[in-house]
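Each remark here refers to the structure printed beneath this line.
The values are calculated or read from the model by the stated rules, or taken from the named source; none is laboratory data. Quantities reported herein were computed from a predicted structural model and do not represent experimental measurements. Cβ atoms come from the backbone with ideal geometry, glycine included; neighbour counts cover every protein chain shown. Side chains are part of the model used for accessible areas, which takes the heavy atoms of the whole protein and leaves out ligands, DNA and RNA. Shrake-Rupley method; radii C 1.70, N 1.55, O 1.52, S 1.80 Å.
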Amino acid sequence: MGKLYVFDHPLIQHKLTYIRDKNTGTKQFRQLVDEVAGLMAFEATRDLPLEEIEIETPVAKAKTKVIAGKKLGLVPILRAGLGMVDGILNLIPAAKVGHVGLYRDPETLQPVEYYAKLPSDIEDRDFIVLDPMLATGGSAVEAINSLKKRGAKSIKLMCICAAPEGVKVVQDAHPEVDIYLAALDAQLNDHGYIIPGLGDAGDRLFGTK
Ligand code: URA
């Protein structure tokens with residue numbers, strides 16, 4: 001079973017409080033999501049392998065470490081996942097960014113892929129799927145399906161808020177995927193919103209309320 005990480009770092013928790021607050025406006029909300037995504041990426045990349053190389057400092061030769069040739073791919077689920085990209089790229093500027101767009105079929109209520117554009121060397125990359133909200137889990141499962149059917153071998157999921165229902169759906173469908181969260185909330189309401197959550201992440205990021 002993949003691991004479930006809920007980051008309790010004080011900076012993440014502090015910023016999350018203001019992300020949740022309904023009085024936080026679009027500009028600050030976007031900034032805070034960006035910052036939290038960066039802090040989460042810092043933790044979620046702890047397992048990147050290192051290798052030793054030799055360099056020369058201005059005063060001596062030194063054996064020091066660099067990341068060992070790992071290629072990363074970020075895959076925001078459109079549209080709210082876009083809000084997490086820049087904060088991670090600030091830390092990992094060489095990461096490639098793919099996109100997956102999903103809509104909900106009005107009859108089956110299942111997410112259906114309408115757009116997918118991913119890096120061509122998909123089998124060689126470690127992917128992090130991004131969506132601020134892991135609610136029912138349907139979109140995350142479908143986005144991971146999109147990556148897998150194109151050959152992705154290594155996939156993590158990073159969300160800011162999750163409902164336990166969504167975590168279970170992802171773990172059942174993709175048991176090997178590690179999930180990274182800033183908060184595991186209480187539940188979903190009848191409209192599919194996470195409680196207490198933060199409202200509609202896409203609307204709050206893009207000011208479309
Ligand atoms: N998507 C959101 O943006 N918010 C929720 O609470 C659930 C799904």
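For segment 178-192, the Karplus equation 6.51 cos²θ - 1.76 cosθ + 1.60, evaluated at θ = phi - 60°, returns couplings of 6, 10, 10, 10, 8, 7, 10, 7, 6, 5, 9, 8, 5, 9, x Hz by residue, with Gly and Pro reported as x.
Distant-in-sequence amide contacts of L4, defined by a placed amide H-H separation under 5 Å and a gap of 5 or more residues or a different chain, comprise I179. Rounded to the nearest 20, the Cβ-based charge dipole of segment 77-209 about its Cα centre (Lys and Arg +1, Asp and Glu -1) stands at 320 debye. Using R0 = 41 Å, the C-beta based FRET efficiency linking D121 and H191 works out to 0.55. The trypsin sites (Lys or Arg not before Pro) found in segment 98-181 that occupy coil by DSSP, while having at most 16 further C-beta atoms within 10 Å, are R150, K153. With viscosity 1.567 mPa s and temperature 4 °C, the Kirkwood radius over alpha carbon pairs of segment 109-209 converts through Stokes-Einstein to a diffusion coefficient of 91 µm²/s. How far is helix 164-173 tilted off the main Cα axis of the chain, in degrees rounded to 10, range 0 to 90? Its long axis makes an angle of about 60 degrees.
For the residues H14, H9, a 1.4 Å probe over the protein chains yields an accessible-area ranking, largest first, of H14, H9.
Result for the chain in a Gaussian network model with C-alpha springs under 10 Å: among E113, E56, E123, the largest mean-square fluctuation is at E56. Modelled spin-label separation between K149 and L11, with each label point placed 7 Å from Cα along the Cα-to-Cβ direction: 3.9 nm. Note on I53 and I67: the model spin-label points, each 7 Å out from Cα along the C-beta direction, lie 1.3 nm apart.
Excluding ligands, DNA and RNA, the accessible surface per residue across segment 9-57 is 63 Å² with a 1.4 Å probe.
Taking only Cα atoms and a 10 Å spring cutoff, compute GNM fluctuations for the chain and point out the largest among A95, A163, A60. Residue with maximal mean-square fluctuation among A95, A163, A60: A60. Springs join every pair of Cα atoms under 10 Å in this Gaussian network model of the chain, and among L39, L109, L74 the largest mean-square fluctuation is at L109. Full extension of the segment from Q31 to M1, taken as 0.36 nm per residue of separation minus the current Cα-Cα distance, would add 7.5 nm. For segment 49-80 versus segment 101-133, the inter-centroid distance based on Cα atoms is 27 Å.
Accessible surface comparison of V100, V59, probe 1.4 Å, protein chains only, largest first: the order is V59, V100.
By how many degrees, 0 to 90 and rounded to 10, does the Cα axis of helix 138-149 deviate from the longest principal axis of the chain? Approximately 40 degrees, to the nearest 10. With a ≥ b ≥ c the root eigenvalues of the C-alpha gyration tensor of segment 121-179, is it rounded (a/c under 1.5), prolate (a/b larger than b/c) or oblate? It is prolate, given that a/c is not under 1.5 and a/b is the larger ratio. Selection among H191, A94, A173 by position relative to the dipole of segment 54-209 gives A94 as farthest towards the positive end (Cβ unit charges, Cα centre). G137: net charge of surrounding residues, Cβ under 14 Å, Lys/Arg +1, Asp/Glu -1, itself excluded? Taking every other residue near G137 into account, the sum is -3. Solvent-accessible surface of segment 107-200, taken per residue with a 1.4 Å probe and all protein chains present: 44 Å². Rounded to the nearest 10 degrees, what's the angle between the helix 10-20 long axis and the longest principal axis of the chain, both from Cα atoms, 0 to 90? The angle comes out at about 30 degrees. Dividing the Cα radius of gyration of segment 21-140 by 2.2 N^0.38 Å, with N the residue count, gives 1.34.
Within the accessible surface of the chain, defined with a 1.4 Å probe on protein heavy atoms only, the carbon and sulfur portion equals 52 percent. The Cα atoms of segment 38-94 give a gyration tensor whose axes a ≥ b ≥ c have a/c of 1.5 or more with a/b greater than b/c, which makes the shape prolate.
Here is the tail figure for the chain: Cα pairs spaced more than 28 Å apart come to 27 percent of all pairs.
The convex hull drawn around the Cα atoms of segment 78-144, when projected onto a plane and averaged over every direction, covers 4.9 nm².
Among 177-185, 41-49, the peptide with the highest mean count of other Cβ atoms within 10 Å heads the list, and the full ranking is 177-185, 41-49.
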